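Trainee: After the structure tokens below, expect a handful of questions from me.
The values are calculated or read from the model by the stated rules, or taken from the named source; none is laboratory data. The shown structure was predicted, so the numbers you read here are calculated from the model rather than taken from an experiment. All Cβ positions, glycine included, derive from the backbone under ideal geometry; neighbour counts span all protein chains shown. Calculation scope for accessible area: heavy atoms of the full protein, side chains included, ligands and nucleic acids excluded. Shrake-Rupley method; radii C 1.70, N 1.55, O 1.52, S 1.80 Å.
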Amino acid sequence: DNDMCTVNTCSAELGICTFTDLVCDDGDACTDDVCDPITGCSHTKSTCDDGDVCTVDSCVAEVGCSHESIPNCAVMETGQVELTDTIDLGVKAQIEFTHTYNDPVVVAFINTRNGIESVSPRVKDVTSTGCTIYMQEPDHQDHSPETVS
């Protein structure tokens, strides 16, 4: 029948052929076993990726995928700090993260509007364990205290 996914057995005595589906299971729980009628069986390695950055994904042939939790893993933190003035007057806050991160992204914004001048939050010196946050006015003057998240 020219189908690579069947096992063909013919009996000359009876004049009949039987076509039995080919079993492609390789016994490895870490592969996806499929059959293509043209090319036959293939065994592609499973990714086991559960999409959770707080797990270590692995596979054991006899068992299949496993997802071991990483202790103290976190994907996000939030907090607030009050800055009493701008960086021009030397005011800054050293932020220590509760967890350690690989390539953290820090987003800061002003929660209050106490001064009459515009002010922007700035973030620098970002490491896996913390960063520095400060406020900056365009005219490089002093500013009223603001809460920064």
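Trainee: Tell me the per residue accessible area of segment 1-96 using a 1.4 Å probe; a whole number in Å² is fine. Intermediate values should be presented prior to the final figure.
Mentor: On the way: 7020 Å² over 96 residues.
The answer is 73 Å² per residue.
Trainee: Something else about it: How large is the convex hull of the C-alpha atoms of segment 1-109 per residue, in Å³? Each step should come with its number before you reach the end.
Mentor: Details: hull volume 16.8 nm³, N = 109.
Looking at segment 1-109, the number lands at 154 Å³ per residue.
Trainee: Under a 1.4 angstrom probe, counting protein chains only, how are M4, M135 ranked by accessible area, largest first? Write down the numbers at each step before the final one.
Mentor: Numbers: M4 105, M135 0 Å².
Output order, biggest surface exposure first: M4, M135.
Trainee: For the chain, which cysteines have no second Cys with its Cβ under 4.7 Å from theirs?
Mentor: Cysteines lacking a close Cβ partner in the chain: C131.
Trainee: At a 1.4 Å probe radius, carbon and sulfur cover how many percent of the accessible area of segment 61-104?
Mentor: Details: 1610 of 3360 Å².
Carbon plus sulfur share of accessible area: 48 percent.
Trainee: Among S11, S69, S42, pick out the residue whose Cα is farthest towards the positive end of the charge dipole of the chain, where Lys and Arg carry +1 and Asp and Glu carry -1 on C-beta, about the Cα centre.
Mentor: The listed residue farthest towards the positive side: S69.
Trainee: Using the Karplus curve 6.51 cos²θ - 1.76 cosθ + 1.60 with θ = phi - 60°, work out ³J(HN,Hα) for each residue of segment 42-57 in order, rounded to whole Hz, and write x for Gly and Pro.
Mentor: 9, 10, 9, 4, 5, 7, 6, 6, 8, x, 9, 5, 9, 10, 9, 8
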